[in-house]
Structure formats: structure tokens, C-alpha cells
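A.B. asks: Below you will find the structure I want to go over with you.
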Amino acid sequence: MNIEKTILIPTYENFSFEECIWFLNRNYDDCLHSVSKTGIIKAIQINNEVYLISLKEKIKSIEVEILNNNFNEETKNLIVSYVKDWLDVERDIKPFYDLLKQNEKLAYMVEEYKGLRLIGIEDLFETLCWSIIGQQINLTFAYKLKRRLVEKFGTAIEFNGEVYHIFPSCEVLSSITIEELREMQFSKQKAEYIIGSAKAFFSKELSKEKIKALPDFISKHKALTNIKGIGVWTANYALMKSLRESQAIPFGDVGLLNALKNHEIINERSETEKIKELFKKFAGWESYLVIYLWRSLAEMKN
């Protein structure tokens with residue numbers, strides 16, 4: 001191993017690399033990272049250069065190795081920042097666990113899913129596209145559509161006989177046609193929404209920086225839903241995954257509703273007041289509660 005290409009990122013209490021690997025794998029065919037029992041390999045783009053990074057668990061740290069490129073101090077800092085944000089490494093989630101312990105039906109999660117973090121998606125445009133792709137179809141087919149889109153229009157690099165992909169840029173997707181996406185089995189509506197979103201980002205009408213600069217959650221949410229094809233669920237998902245807005249709850253999400261029923265918090269999906277009452281008790285940690293409830297679905301299937 002070339003020590004010059006290795007970085008150690010400290011981890012703290014209540015961080016589980018194993019849970020990160022579980023979340024990024026889940027037996028779905030995600031083309032934007034490669035996961036094994038011991039680590040993660042992912043291609044990322046920094047300052048127009050593509051870096052292939054390998055993540056492995058070490059004692060109280062994550063070992064990040066740059067596999068394909070030399071880097072300077074600035075690039076190193078950007079890679080460290082990317083990994084910390086992606087895996088939400090530095091957040092102290094003990095206050096969230098304290099709240100879970102107060103709920104008889106959810107307290108088990110503290111030990112059962114200990115160290116699970118809200119795995120993010122740094123690129124807001126990618127997050128919105130993924131939300132649009134996944135609307136009203138099962139996840140298996142959604143990942144197939146995503147792979148087709150990424151393999152045809154995204155950036156790719158080869159390393160040791162394996163190909164690693166980066167999600168297509170808004171510039172590229174703003175110039176494609178609806179027919180091209182229809183040929184890949186995208187619905188006409190999804191194709192229109194993806195291309196429309198790409199044009200909004202490419203024209204700078206929309207950007208992560210602009211959304212972050214808005215004064216409150218409501219204005220951020222409205223800025224997203226003003227774009228055709230970005231509804232309430234999509235906006236909430238994007239704000240949760242890309243901007244880490246704690247109060248972004250994807251109300252109406254089928255998985256979330258099923259998890260709430262499984263825990264006997266609601267009896268019917270229409271019991272919105274009961275759902276709101278639960279999330280009020282987790283103010284500041286609403287999005288983490290969503291992630292842990294989604295996590296519970298895997299156990300319910302077993």
C-alpha cells in the first residue's frame with residue numbers, strides 16, 4: 001500500500017462502519033459504488049478530476065485509500081470532507097438515542113442498529129433524479145433504470161478490470177431527449193421530469209448552494225417543489241439526503257408507513273395525526289427516525 005495515498009478519518013462513539021456497508025449494499029444493484037464485507041470502493045469527482053477511493057474500517061477510524069490518482073493537500077481535504085459528509089461521520093447521535101430510549105416500541109433500535117448513520121448523497125441534482133426514478137416503482141426496477149442512465153450518460157473509469165461510474169452531470173442530461181430515456185424504459189413523465197430538472201440545474205435556476213442559502217426549511221422546500229416533477233415526497237427526500245435537513249420527513253412513503261404499522265404506532269396509513277405526534281417527540285432528529293424505521297423493514301422481512 002502506498003502510504004502517501006492513505007488517509008485516516010477518526011470515528012467516534014456510536015459510529016458503525018458495518019451498518020454503513022449494510023445500508024449501501026442491501027442486495028440492490030447500485031452502480032455508483034462497490035461493496036464487499038470489508039469495504040467500499042467509490043468513484044468521486046473533485047475539481048474535474050475523478051478519484052477512485054477505497055474505504056475500510058480500522059480501529060476507531062476509516063482508512064481511505066486513493067487508488068488511481070495522486071493528490072495534493074487541497075484535494076485530500078476535499079476527499080476527507082466528502083467522506084465525512086457522505087457517512088455523517090462526525091454527528092453526535094447520542095441525543096437521538098436518548099429519545100429512542102424513551103419510546104417503549106422503538107428503544108430496541110439503540111442496540112439493534114447501533115451506529116447506523118444517515119448515509120447521504122452529496123450531489124443535490126443526483127438526489128432529485130434518484131427520487132424521480134424511484135417514484136411509484138419497486139426498488140429493484142428503479143436501480144435497473146438508474147444503471148441504464150448512468151452507464152449511457154455518466155462518467156466511467158476502469159481500475160483492475162472493474163468499471164466504476166459517476167452519475168451524469170446536469171449539463172449532459174439537459175441535452176438528451178425524452179425518446180432516449182423512453183428507449184431505456186423510463187416513463188414519459190419521468191423522462192420529462194429528469195430532463196426538466198437537469199435544465200433547471202444547468203441554467204443555475206436551481207443549485208445546492210442556492211437552496212442552502214435560503215433562510216428556513218419552508219423556503220427550501222418551496223424552491224424545490226416549484227420545479228415541475230418535484231413533489232412533496234421528492235423534495236423532502238432530497239432535503240433529508242443531500243442537505244441533511246432534520247425535519248424533512250417523506251410523509252406518505254410506503255416503507256415508512258409500513259414500518260410505523262409494524263411497530264403498532266399506527267393501525268391505518270391514514271392516521272396522520274398519530275404520525276405527526278410521534279415525529280414531534282423527535283424534533284431535530286426526524287430524518288434519523290425515518291432512516292431507523294426504514295432499517296427496521298429489513299428485519300421484518302427475515
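Bear in mind that the values in this text are calculations on the coordinates, not laboratory data. Here the structure is a predicted model, which means the values were calculated and not measured. Positions of Cβ are backbone-derived with ideal geometry, glycine not excepted, and every protein chain shown enters the neighbour counts.
A.B. asks: What span do the alpha-carbon atoms of the stretch 98-154 cover on each of the three principal axes, reported in whole Å from largest to smallest?
C.D. replies: Here the spans come out as 48, 23, 16 Å, largest first.
A.B. asks: Then there is this: Which pairs in the list Lys152/Lys199; Lys5/Lys60; Lys101/Lys241; Lys228/Lys281; Lys188/Lys261 are over 28 Å apart, alpha-carbon to alpha-carbon?
C.D. replies: Lys228/Lys281; Lys188/Lys261
A.B. asks: How big is the shadow of the Cα convex hull of the stretch 208-302, averaged over all directions, in nm²? Intermediate values should be presented prior to the final figure.
C.D. replies: Working: hull surface 26.1 nm².
That works out to 6.5 nm², a quarter of the Cα hull's surface.
A.B. asks: FRET efficiency for Glu13 and Glu73, Cβ-Cβ distance as r, R0 = 25 Å, nearest 0.05? Before the final figure, lay out each step's value.
C.D. replies: Working: r = 29 Å, r/R0 = 1.16.
With R0 = 25 Å, the Cβ-Cβ based efficiency is 0.30.
A.B. asks: What number, rounded to the nearest 500 deg cm²/dmol, is the helix-based mean residue ellipticity at 222 nm of the chain, given -39500 (n - 2.57) per DSSP H run of at least four residues and division by all its residues? Each step should come with its number before you reach the end.
C.D. replies: Numbers: 15 runs with 144 residues, N = 302.
Result for the chain, helices only: -14000 deg cm²/dmol.
A.B. asks: Of all the stretches in the chain, which is the longest one without any exposed loop site, taking GluC sites (Glu not before Pro) in a DSSP loop (any state but H, G, I, E, B) with at most 11 other Cβ atoms within 10 Å? Numbers along the way, then the final one.
C.D. replies: Details: sites that count: Glu13, Glu104, Glu264, Glu268.
The segment 105-263 is the longest one with no such site.
A.B. asks: Given a cut-off of 18 Å, what percent of all Cα-Cα pairs of the stretch 254-301 lie beyond it? Don't jump to the answer; show the numbers that get you there.
C.D. replies: Working: 253 of 1128 pairs.
So the pairs more than 18 Å apart make up 22 percent of the total in the stretch 254-301.
A.B. asks: Quick one: work out Rg over Rh on the C-alpha atoms of the stretch 1-74, Rh as Kirkwood radius.
C.D. replies: Values: Rg = 13.0 Å, Rh = 13.3 Å.
Rg divided by Rh gives 0.98.
A.B. asks: What three numbers, in Å, describe the spread of the alpha carbons of the stretch 102-219 along their principal axes, ordered from the longest?
C.D. replies: 52, 44, 31
A.B. asks: Of His165, Gly39, Trp233, which is farthest along the charge dipole of the chain in the positive direction, counting Lys and Arg as +1 and Asp and Glu as -1 at C-beta?
C.D. replies: Most positive-ward Cα: Trp233.
A.B. asks: Once you compute Rg and the Kirkwood Rh from C-alpha atoms, what is the Rg to Rh ratio for the chain? Let's see the in-between values first.
C.D. replies: On the way: Rg = 19.4 Å, Rh = 20.4 Å.
Rounded to two decimals, Rg/Rh equals 0.95.
A.B. asks: Could I ask something else about it? Could you work out the relative contact order of the stretch 139-295? I mean the mean sequence separation of Cα pairs under 8 Å and 6+ apart, divided by the number of residues, in percent. Show your work: numbers first, answer last.
C.D. replies: Numbers: 145 pairs, mean separation 20.8, N = 157.
Relative contact order comes out at 13 percent.
A.B. asks: Give me the Kirkwood hydrodynamic radius of the stretch 156-248, using the inverse of the mean 1/r over all pairs of distinct Cα atoms, in Å to one decimal. Write down the numbers at each step before the final one.
C.D. replies: Working: mean 1/r = 0.0679 Å⁻¹.
Value: 14.7 Å, from the Cα pair sum.
A.B. asks: Right, another one. For the stretch 1-142, what percent of Cα pairs sit more than 21 Å apart?
C.D. replies: On the way: 5002 of 10011 pairs.
Roughly 50 percent, once rounded to a whole number.
A.B. asks: Related question: Using 0.36 nm per residue, how much length does the chain from Phe251 to Ile119 gain when fully extended, once their Cα-Cα distance is taken away? Working shown, then result.
C.D. replies: Working: separation 132, 0.36 × 132 = 47.52 nm, distance 1.92 nm.
Separation in residues times 0.36 nm, less the Cα-Cα distance, equals 45.6 nm.
A.B. asks: I've got another one for you. Quick one: length gained pulling Ser219 to Met184 fully straight, 0.36 nm per residue minus the C-alpha distance?
C.D. replies: Working: separation 35, 0.36 × 35 = 12.60 nm, distance 3.48 nm.
Taking 0.36 nm per residue and subtracting the Cα distance, the gain is 9.1 nm.
A.B. asks: How much length is gained if the chain between Trp22 and Val163 is pulled fully straight, taking 0.36 nm per residue apart and subtracting their Cα-Cα distance, in nm to one decimal?
C.D. replies: 48.6 nm
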